[in-house]
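Supplied in structure tokens, the structure appears directly below.
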Amino acid sequence: MSHYVDITAHDLSTAWLQTTLAVHAQPQRRAFHTVTRIADTAHPERLRIRVAADDLLAEFDLPPVQTVANTIFPAALAAQDADPVRLAARYQALYPQLKRLEPRNNKGTYFQRLIAYPTPHGQVNQLERLIATLTIERATAAPKRARYETSVDIPEPDVPEPISVPVYEPRHDTSAMAFPCLSMLSFQLDGTRLHAVAHYRSQYLLQRGYGNYLGISRLLGYIASRTGLTPGALTVVVGQAHADRLRRDLAHALRELATDLTTV
């Protein structure tokens, strides 16, 4: 029997907590077609939930939230130089070191795929092209609202106005269980606001979930800032979500935290 989870929360911290608890309550701590909606990606994190997430990761000797988020968007690096071309160049220069420091990055990082997607004709900086496309559309009388999709299509360097920003690359990503679990990002222009949808084939909510939400929210904020927009909502759709490693006592502590926060 299939089990589904549908969560809506105002901020990413609450969204992660509620999604994790809802999936944990399902048989085998798994759920198909889990949908998590974060209404305001610019809203500050809730410190107590962030601390709880990092404490859980530390207990299992897993990378902290910040490390996971940086694989999607290196916020500190972007703060030094927000230009997408120079940001890509700096990240590419650091990438060999990132692979040495973290073996999990051997197959690549999500951000590396965004700024150096491999094609038969060379690497493509999809982030730069997405920002350029949004900028062009905003200058028109009737900008398109939902043409900014990602897919498994291979972007061609000589296409002037791409609508595709893939993560998955079918010629290289041949392992069924390995990188990347994030297969698609799409963006929607809503007046002066920019929304995003992320599609995952699977997601480990304890090991990666909070960091994924944070990294994509930061990426959305960056794209919005470069195009004169306001970051809006994020919807994360997961084929199969797993509340991994979350023992009964740990889940109980998270439920107590959730109850405590709702009564404050």
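Neighbouring Cβ atoms within 10 Å as the yardstick, rank 136, 7, 72 fewest first.
136, 7, 72
Taking loop as defined by DSSP and a crowding limit of 16 other beta carbons within 10 Å, which trypsin sites (Lys or Arg not before Pro) in segment 3-107 fit?
107
Ranked from highest to lowest mean number of other Cβ atoms within 10 Å per residue, what is the order of the peptides 12-22, 198-208?
Taking the mean over residues of other Cβ atoms within 10 Å, the ranking is 12-22, 198-208.
Between segment 63-94 and segment 176-230, how far is it from one alpha carbon centroid to the other, in angstrom?
15
Throughout, read-outs are computed from the coordinates displayed, never taken from laboratory work. Everything numeric in this text was worked out from a predicted model, so none of it was measured. Here Cβ is always computed from backbone atoms with ideal geometry, including for glycine, and neighbour counts include all displayed protein chains.
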